[in-house]
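Reviewing the structure listed below.
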Amino acid sequence: MNGAVSKGYKEDVGSRTSVYVHTAHTVTASVILLKKYGYTSVPHDEGIKYVLIPEGIRDFNWLEGLLKGEKISTGQYINRRLTHMDS
């Protein structure tokens with residue numbers, strides 16, 4: 001969930017991600033905020049299911065830009081073009 005750091009905890013949490021629950025903020029900020037804890041990217045395991053939990057309009061703006069492959073026209077992510085989950 002979110003930016004979960006599993007490095008060093010493989011025995012406890014496993015090594016594969018089946019479902020990744022996140023917000024737009026998690027996807028865009030976790031690499032920066034959690035880098036010091038070993039988080040390097042959104043998981044991309046084969047067959048993974050991504051579940052977006054919208055926190056507000058910014059998440060809908062982010063999702064619309066991601067799905068349409070267009071620059072986001074309003075809100076916190078304005079003028080960003082998202083092409084994949086770790087944008």
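Where nothing but the Cβ of Lys and Arg (+1) and of Asp and Glu (-1) is charged, how large is the charge dipole of the chain around its Cα centre, in debye to the nearest 20?
260 debye
If packing is taken as the average number of other Cβ atoms within 10 Å across a peptide's residues, how do 19-28, 53-62, 34-43 rank, most packed first? Show your work: numbers first, answer last.
Values: 19-28: 19.3, 53-62: 15.6, 34-43: 13.7.
Packing order, densest peptide first, comes out as 19-28, 53-62, 34-43.
For the pair residue 55 and residue 10, how long in nm is the line joining their label points, each one 7 Å along Cα→Cβ?
3.2 nm
Among [x] 13, 22, 19, 21, 17, 8, 1; [y] 17, 47, 28, 8, 0; [z] 14, 24, 18, 17, 13, 10, 5, 1, find the value of P(r) over Cα pairs in 10 Å bins from 0, in percent that was calculated from the structure presented, and write down its label.
Only one option fits the structure, namely [y].
If R0 is 35 Å, what FRET efficiency do you get for residue 41 and residue 73 from their C-beta distance, rounded to 0.05? Don't skip to the answer; put the middle values down first.
On the way: r = 26 Å, r/R0 = 0.76.
The computed FRET efficiency comes out at 0.85.
What number comes out for the charge environment of residue 20, summing +1 per Lys or Arg and -1 per Asp or Glu over other residues with Cβ under 10 Å away?
0
Of the lysine pairs in segment 1-86, how many meet both conditions: Cα atoms under 19 Å apart, and a spacing of 8 or more in sequence or different chains?
Numbers: 7/35; 7/36; 10/35; 10/36.
Close lysine pairs under the 19 Å cut-off: 4.
So what is the relative contact order for the chain, in percent, with contacts set as C-alpha pairs under 8 Å and at least six apart?
Across the chain, relative contact order equals 27 percent.
The numbers here are math on the coordinates, done by the rules we state, and not lab data. Owing to the predicted nature of the structure, the values given are computational and were not obtained by experimental measurement. Cβ coordinates were reconstructed from backbone atoms using ideal geometry, including for glycine residues, and neighbour counts include every protein chain displayed.
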